[in-house]
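Trainee: Pasting a structure here, questions to come.
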Amino acid sequence: AQRVTQPEKLLSVFKGAPVELKCNYSYSGSPELFWYVQYSRQRLQLLLRHISRESIKGFTADLNKGETSFHLKKPFAQEEDSAMYYCAQRIYNQGGKLIFGQGTELSVKP
Amino acid sequence: DVKVTQSSRYLVKRTGEKVFLECVQDMDHENMFWYRQDPGLGLRLIYFSYDVKMKEKGDIPEGYSVSREKKERFSLILESASTNQTSMYLCASSTPGQGPYGYTFGSGTRLTVV
């Protein structure tokens, strides 16, 4: 079965430090991958998807098929980046469902 | 601007009760999903539906059922609530295929079973 793995439950950094949230997937084909974010007391929302190759709120994520990874990066963390981050993969042959990783809580200290 | 609405933000139910969690979306999406969100486990798919009256089991369907009588509404049913079903439940909807924005989530229902 396809799996999405986020090895870190909690990542704590200081403001201005670089951030990398790790995500590995197990699907061997052409995956569609997403990062979702949930700020305190808010609903889960899409941050970015790999097909768009975009930068949202200073975050980027590159798909590395060789390492089956889709790590989320930001060069200079801000306090408002503190949130729960989930990596997700869409499974097309099963109704387009998303499978999620375990989540990483990012805490950015002043 | 709310697009996926879950009827209750907080619910407290007793063990053995039959519990209904309601979700309504106004985006005319074909696909709807129910997840539960638990610390350290992430989001786990319970059931999903890609059309009216259609349903598919997700990864953890035991103890749950669903109903989709209308396109906009997807209900999650706990047939006999147990304490291990205490969790945050998230509903989501999407268009089929490669929709540009992935899923739209509701704000969640925090269910406590006592």
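Trainee: Show which lysines lie in cross-link reach of residue A:109 when reach means a straight Cα distance below 25 angstrom and same-chain residues fewer than eight apart are skipped.
Mentor: The qualifying lysines are A:9, A:15, A:22, A:57, A:73, A:74.
Trainee: Roughly how much of residue A:15 is accessible, in Å² to the nearest 10, using a 1.4 Å probe?
Mentor: Result for residue A:15: roughly 120 Å² accessible.
Trainee: For residue B:41, what is the net charge nearby, where nearby means another residue's Cβ is under 12 Å from its Cβ and Lys, Arg count +1, Asp, Glu -1?
Mentor: Value of the local net charge: +1.
Trainee: State, to one decimal in nm, how far the label point of residue B:70 lies from the label point of residue A:64, with both points 7 Å from Cα in the Cβ direction.
Mentor: Those two pseudo-labels are separated by 4.9 nm.
Trainee: Modelling each spin label as a point 7 Å along the Cα-to-Cβ direction, I'd like the residue B:52/residue A:14 distance in nm, to one decimal.
Mentor: It works out to 6.0 nm between the two label points.
Trainee: Sticking with this one: Counting only protein heavy atoms and rolling a 1.4 Å probe, how much accessible area do B and A lose on contact, total for both sides, in Å² to 100?
Mentor: Buried surface at the B/A interface: approximately 1900 Å².
Trainee: Carbon and sulfur together cover what percent of the accessible area of region B:4-113 at a 1.4 Å probe radius?
Mentor: Carbon and sulfur: 50 percent of the exposed surface of region B:4-113.
Trainee: Any idea how far the Cα center of region A:8-31 sits from the one of region B:51-87, in Å?
Mentor: The distance from the Cα centre of region A:8-31 to that of region B:51-87 comes to 31 Å.
Trainee: With +1 assigned to the C-beta of every Lys and Arg and -1 to the C-beta of every Asp and Glu, and no other charges, what is the dipole magnitude of the protein assembly as shown about the Cα centre in debye, to the nearest 20?
Mentor: With only Lys, Arg, Asp and Glu charged at Cβ, the dipole is about 240 debye.
Trainee: Kindly state, to the nearest 0.05, the FRET efficiency for residue A:107 paired with residue A:73, given R0 = 25 Å and r defined as their beta-carbon distance.
Mentor: Calculated transfer efficiency: 0.90.
Trainee: Oh, and also: Within region B:4-113, what is the number of lysine pairs with alpha carbons under 25 Å apart, leaving out pairs fewer than eight places apart on the same chain?
Mentor: 12
Trainee: Let me ask something else about it. With every protein chain kept in place and ligands, DNA and RNA left out, what is the accessible area per residue of region A:32-94? Probe 1.4 Å, answer in Å².
Mentor: 49
The values are calculated or read from the model by the stated rules, or taken from the named source; none is laboratory data. Source: prediction; values computed, not measured. A quick note on method: Cβ atoms are made from the backbone with ideal geometry, for glycine too, and the neighbour counts reach across all protein chains shown. Please note that ligands, DNA and RNA were not included when accessible areas were found on the heavy atoms of the full protein model with its side chains. Shrake-Rupley method; radii C 1.70, N 1.55, O 1.52, S 1.80 Å.
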